[in-house]
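Working notes for the structure below.
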Amino acid sequence: MRPEALEAYVEAAQRFPANPGSMHVYGHAARSALAYGREQICAALNFHDGRLIFTSGGTEANNLILQSALARGIPVRIARNTHPSCWYATMESSGQVGVLPLNRQGLIDREFLIRQLKEHQPTLISVSHACNETGVVQPVEELADLCERGGHLLHIDATQTVGHMPIDLEQIPAHFISFSAHKFGGPRGVGGLLAREAPLLTSQLHGGSQEGGLRAGTENLPAAMATAVALESAQEGLTSEIPRLRSLASTLANTLCSSWSNVLINSDLEKGLPGLVSFCFPGHSGHDLVLELSAEGFAVSAGSACHAGSVLPSRAVLSMGRTEKEALGSLRVSFGEASTTSSASEFSDRLLALLHLSSST
Ligand SMILES: Cc1ncc(COP(=O)(O)O)c(C=O)c1O
C-alpha cells in the first residue's frame, strides 16, 4: 500500500471508530467522513452524474452489475478476454449471454458488435477497459457512444486502468464502471462500482440498507478513505510514470524480438496499458517460466491456468487468434513504480538465459 494511503487508513480507523450507519454523533462523523471519501474518488475520476457503490473490489463490482442485469432478463454480451470475475459471473446463464469476439489486435470486433446491438434491445455490453493479461485497451469512448445511440447499456471493468491511465468519466458515458483499490496502491479488499443507472442494480448481499440498499454490510470506512488518497497519489504521478513504464516495456520487447524472431507480442506498447507486455514464446511453457523466474526473485505471470492437474492456455491470448501452442507459451510482464532500468535489464538477461538466447542488442 502507498504510505500516504496507509496513513489515511490508520487515521480514519482511529478518528472514526463508529459505524457510519449509527444515529449518534459519532456515527454522524463517520458518515460524513465516508461521504467525503466517496466524493474525492468521484472527483478524481470526474464522475458527477451517478453514484459510487463501495464493494470488496473489482470481482464484487463486476458480479453486482452482471448478476443484476441477468436477474432482470437483460441480455448480456461480454468480451472474450474479460477477467474471470465477469466470465464466470455470466457463463451459467448461457441462454442470455453471448461472447464478443476480438480481432488479432485484441480489440472488439466492431462489425460483430454493431450486428449484436441491432438484434437485442436493450443489451448490456461488458468489456475490460484494459485486458489484465495483454493490456490491450478498448476504445471505450467509441463503445459508449455506440451503446448510447442504440439505447444499450455499457459496463467497463476499469480495474486495470483506474490509477494507471488518465480517466475522465465525463468523456466516457458508460453506465457502469468497476475498479479496485489494490491496483493503484490502496488497500486490498475494497473497490467500487460507479453507476449511472443505479436503479437497475439489485443487492447481491442481503441485510442492511447500506450503500443505498445496493450493498448490505457495515461500510469499510478506513479502506474507503485510503482508497481516495491512493487514487489521488497514483494520478498525480502519471505524467512522468507512463512514458517511463512504456520505455521499460518497449526495451524488453525490443531485446527479446531482436534475439529471437519467433517471439510474439500480444500487447500494444504505444496505446495499451503502460508497462505491461505480454509475450508468446512458442515451444516454451509460460507456466514453467513463471516458476523459474520466481525462483530468481522475479514476479511475473502466465495467462495459462492450472486446472485438474493440466495447464490450460489463456482465453485472452487465444481470443487474439494465437494457437494453443503459442498461448501455452505466454508470459505477462508488468513493470510498476518499483521497477528501475537496472532491475528491468537484469530481468531481461535472466529471461534470455531461460529461453536459451543471447542478447543481440
Ligand atoms: C480486469 C480485472 N477485473 C477484475 C479483477 C478483480 O479485482 P479484485 O481483485 O479487486 O477482486 C482484476 C484483478 O486482477 C482485474 O485485473
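The values are calculated or read from the model by the stated rules, or taken from the named source; none is laboratory data. None of these values were measured; they are calculated from a predicted model. With ideal geometry, Cβ positions are generated from the backbone for all residues, glycine too; neighbour counts draw on all protein chains shown.
Tabulated data
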| read-out | value |
| --- | --- |
| Selection within the range 258-270 - at pLDDT 95 or above and either surrounded by fewer than 16 Cβ atoms within 10 Å (Cβ to Cβ) or not polar (S, T, N, Q) (or both) | 263, 264, 265, 268, 269, 270 |
| Some residue of the range 202-224 being more than 16 Å from the ligand (Cβ to nearest atom), surrounded by 15 or more Cβ atoms within 10 Å (Cβ to Cβ) and in a strand (DSSP E or B) | no |
| Condition met for residue 96 (out of contact with any strand residue (DSSP E or B) (no Cβ under 8 Å at 6 or more places or on another chain) and closer than 20 Å to residue 152 by Cα) | no |
| Residue 196 vs. criteria modelled with pLDDT of 95 or more, basic (Lys, Arg), near the ligand (Cβ under 10 Å from one of its atoms) and farther than 20 Å from residue 238 by Cα | no |
| Residue 135, sole failed condition from (1) on the phi < 0 side of the Ramachandran plot; (2) at pLDDT 95 or above | (1) |
| Filter result for the condition that a residue is under 24 Å from the mean Cα position of the chain (by Cα), surrounded by 14 or more Cβ atoms within 10 Å (Cβ to Cβ) and in a loop (DSSP other than H, G, I, E, B), over 332, 322 | 322 |
| Out of 152, 164, sole residue that is within 12 Å of the ligand (Cβ to nearest atom), surrounded by 17 or more Cβ atoms within 10 Å (Cβ to Cβ) and not small (Gly, Ala, Ser) | 164 |
| Hey, residue 182 away from the ligand (no atom under 11 Å from the Cβ) and either surrounded by fewer than 24 Cβ atoms within 10 Å (Cβ to Cβ) or among the aliphatic types (A, V, I, L, M) (or both) or not | no |
| Single condition residue 139 does not satisfy, out of (1) closer than 21 Å to residue 317 by Cβ; (2) away from the ligand (no atom under 11 Å from the Cβ); (3) crowded, with 24+ Cβ neighbours inside 10 Å | (3) |
| Filter result (part of a helix (DSSP H, G or I) and either over 30 Å from residue 277 (Cβ atoms) or within 16 Å of the ligand (Cβ to nearest atom) (or both)) within the range 93-132 | 94, 95, 96, 114, 115, 116, 117, 118, 119 |
| Lone unmet requirement of (1) in contact with a helix residue (DSSP H, G or I) (Cβ under 6 Å, 6 or more places away or on another chain); (2) in the same structural domain as residue 140 (by TED's automatic domain parsing) for residue 275 | (2) |
| Sole residue being over 15 Å from the mean Cα position of the chain (by Cα) and more than 30 Å from residue 300 (Cβ to Cβ), chosen from 108, 172 | 172 |
| Residue under evaluation residue 312, criteria (1) on the phi > 0 side of the Ramachandran plot; (2) at pLDDT below 95, criterion not met | (1) |
| The listed residue being in the same structural domain as residue 41 (by TED's automatic domain parsing) and within 18 Å of residue 160 (Cβ to Cβ), out of 231, 245 | 231 |
| Helices (runs of 4 or more DSSP H) enclosed by the range 1-92 - at least 3 residues per element that are within 15 Å of the ligand (Cβ to nearest atom), touching a residue at least 12 places away in the same chain (Cβ under 8 Å) and crowded, with 20+ Cβ neighbours inside 10 Å | 58-71, 84-90 |
| Filtered residues of the range 170-179 (kept if crowded, with 22+ Cβ neighbours inside 10 Å and either away from the ligand (no atom under 12 Å from the Cβ) or more than 10 Å from residue 157 (Cβ to Cβ) (or both)) | 174, 175, 176 |
| Lone qualifier among 121, 171 - being in contact (Cβ under 8 Å) with a residue 24 or more places away in the chain and farther than 20 Å from residue 40 by Cα | 121 |
| First in the range 291-303 and surrounded by 12 or more Cβ atoms within 10 Å (Cβ to Cβ), second anywhere and among the aromatic types (Phe, Trp, Tyr) and at pLDDT 95 or above, Cβ under 7 Å, 6 or more apart | 298/347 |
| Flag for residue 273 being modelled with pLDDT of 95 or more, assigned to a helix (DSSP H, G or I) and under 20 Å from residue 348 (Cβ atoms) | no |
